[in-house]
1. Restricting attention to the range 417-428, does a residue exist that is among the small types (Gly, Ala, Ser), under 20 Å from residue 498 (Cβ atoms) and touching a His at 6+ places or on another chain (Cβ under 9 Å)?
2. Kindly indicate the residue of the range 334-346 that is part of a loop (DSSP other than H, G, I, E, B) and at pLDDT below 95 and also surrounded by the fewest Cβ atoms within 10 Å (Cβ to Cβ) among those meeting that condition.
3. Among residues belonging to the range 205-235 that are modelled with pLDDT of 95 or more and part of a loop (DSSP other than H, G, I, E, B), point out the one that is surrounded by the most Cβ atoms within 10 Å (Cβ to Cβ).
4. Could you give every pair whose Cβ atoms fall below 6 Å, whose first residue belongs to the range 274-293 and is over 20 Å from residue 360 (Cβ atoms), and whose second residue is among the charged types (D, E, K, R), counting only separations of at least 6 or pairs across chains?
5. If I ask for residues that are of a type in the set (Val, Ile, Thr), modelled with pLDDT of 95 or more and outside any strand (DSSP E or B), which ones from the range 126-174 would you list?
6. Please find, among 322, 311, 282, the residue that is in a strand (DSSP E or B) and among the charged types (D, E, K, R).
7. Is there a residue being surrounded by fewer than 20 Cβ atoms within 10 Å (Cβ to Cβ), touching a residue at least 60 places away in the same chain (Cβ under 8 Å) and not in a helix (DSSP H, G or I) anywhere in the range 81-93?
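The values are calculated or read from the model by the stated rules, or taken from the named source; none is laboratory data. Nothing here was measured: the structure is a model prediction, and the numbers come from that model. Every residue, glycine among them, receives a Cβ derived from its backbone with ideal geometry; neighbour counts consider all protein chains shown.
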Amino acid sequence: MARDVNRVANGLRALGLRPGDRVALIMPMVAGVVTILYAAFKLGLIVVPIFAGFGVSAMASRLQDSGACVIFTAEHLTRRGKTLPLLATVREAAAKAPSVQHILTSFDAFPDAAESETLSLDSETPALLLYTSGTTGRPKGCVHTHAGALIQTAKEIWLGFDHREPERFFWLSDIGWMMGPWSILGNHHFGGAVYLYDGAPDYPDAGRLWRMLERHRITTFGVSPTAIRLLMRSSDPTPFDLSALRLLGSTGEPWDELSWLWFFERVGRARCPIINISGGTEIIGSFLFPLPSDRLKPCSLGGPAPGMATEVVDEHGQAVREKTGYLVCTRPAPSMTRGIWNDPARYIETYWSRFPGMWDHGDWACVDADGCWFILGRADESMNVAGRKVGPAEVEQALIEHPAVSEAAVIGVPDQIKGEALVAFAVLRPGAHAGEPELVAHVAHCMGAAFRPRAVVCVPELPKTQSGKIVRRLIRQAYLGEPLGDVSTVANAAALDGCRR
């Protein structure tokens, strides 16, 4: 790996890249992502991981915003036995991003050169640009520094996951999501072994993960609640030798007790603690996580992570217990994003405007009478689809790119497997025609198959406030058949009737 890292670093330097330039990774979860990550760090370049399963629009928006000048990608993806084009999608997205100068599918073309100088960098030098979605506007590029990202990931692997040698750490994730870089950086700081897997959790059959855990003697296994909800309906880990497992991990969304217990009892054999962590891309780590020695209730997250001043507050910013409130941080931490790329005002508005002097993370949380902490979902309008957060604005923009659509609204609704599924409402242009299958396929093309809507409902108009703001919360309540309560702020309340199932 050291030889390959030097090769890539020298190759990037020969292309004219200089400290601060952005390098995008749109790749499968293969060993090459580690090589490229470290080569960029050696040169002071900023790595921009992008989920390879995104569609053209979602890729293009991140390339445009980051100003990436080089993309590393692959010819194709392999999913469930099918070969899917990746390079073609990347080229289509790159055509919309003028900053892109090079698209590379392999670093074998770089000469096998000598040692590449590792630059001496200030601790605050940006290392990663990780994208997350909010309720409005384009995706947010969270800026993370060399010291902040390393301190947080290493702390969590060492304390939360009780790092020891020799161990094998496996988190079912992707380099395009925070948990990909998090796993690599945190474990490699201690020289730990990281197991990478590119593929579905249930292909070629539902026993795939359990066979890997058995064959490779994995000691720490992290996964999303969505994957467990999928597997518990189709697989039985009991026949497999999972005796090497010492710890289980999870993140991405709230658990339900039935799935949590199945994970604990069937996979962990009722002896491996579930280190359920919750934080976000914005801090490349956790506000909450238990220690392996903590007493845990099903679905709980222990409490504030070591070094994190986490609290649950009401709408007035006062700490509350045994009541749902907002998850906040009352003191700074080294890994908090240094801002939103190209948009400092949006950073202040997103995280610091609700409660003066407190970081508002946008999650509902509560602390019960026994002091156990629980995450209850998003407090804003962003949606969590199988552990992948996406804002309504980005999906709505994808719909509006269809020539027949003039306006759109997107909500998240409960889904037994994914946690949340997308439902969209579209207003068609006068005289235009488009069926639901066509619009669903269009969103999947733009956003990626993972974000395929459960339904796209064509409506004559969207309900809005007097100032023109779409009332997504009320749309969701109408769709789910919940009481609407006060609709006096809605300028066209009758439009809610068209949003009912």
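1. Yes, the range 417-428 contains a residue that is among the small types (Gly, Ala, Ser), under 20 Å from residue 498 (Cβ atoms) and touching a His at 6+ places or on another chain (Cβ under 9 Å).
2. Step one: list which residues in the range 334-346 are part of a loop (DSSP other than H, G, I, E, B), which gives 334-339, 341-343.
Checking the rest, the ones that are also at pLDDT below 95 come to 334, 342-343.
Numbers: 334: 16, 342: 12, 343: 16.
Going through the qualifying residues, I end up with 342.
3. Per the criteria, the residue is 219.
4. Cβ pairs passing all conditions: 292/162.
5. So in the range 126-174, the residues of a type in the set (Val, Ile, Thr) come out as 132, 135-136, 143, 145, 151, 153, 157.
Filter again for modelled with pLDDT of 95 or more, leaving 143, 145, 151, 153, 157.
Result: 151, 153, 157.
6. Values: 322 fails: in a strand (DSSP E or B); 282 fails: in a strand (DSSP E or B).
Within the list 322, 311, 282, the selection yields 311.
7. Within the range 81-93, the first condition is being surrounded by fewer than 20 Cβ atoms within 10 Å (Cβ to Cβ), and the residues that meet it are 81-85, 87-88, 91-92.
Subsequent filtering for residues that are touching a residue at least 60 places away in the same chain (Cβ under 8 Å) retains 81.
Subsequent filtering for residues that are not in a helix (DSSP H, G or I) retains 81.
The answer is yes; a qualifying residue exists.
So that you can scan it fast, the table gives a plain yes or no per residue for (1) in the same structural domain as residue 444 (by TED's automatic domain parsing); (2) aliphatic (A, V, I, L, M); (3) buried (at least 23 other Cβ atoms within 10 Å of the Cβ); (4) under 20 Å from residue 176 (Cα atoms):
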{"residue": "6", "(1), (2), (3), (4)": "no, no, no, no"}
{"residue": "12", "(1), (2), (3), (4)": "no, yes, yes, no"}
{"residue": "16", "(1), (2), (3), (4)": "no, no, no, no"}
{"residue": "29", "(1), (2), (3), (4)": "no, yes, no, yes"}
{"residue": "38", "(1), (2), (3), (4)": "no, no, no, yes"}
{"residue": "42", "(1), (2), (3), (4)": "no, no, no, no"}
{"residue": "48", "(1), (2), (3), (4)": "no, yes, yes, yes"}
{"residue": "53", "(1), (2), (3), (4)": "no, no, no, yes"}
{"residue": "63", "(1), (2), (3), (4)": "no, yes, yes, yes"}
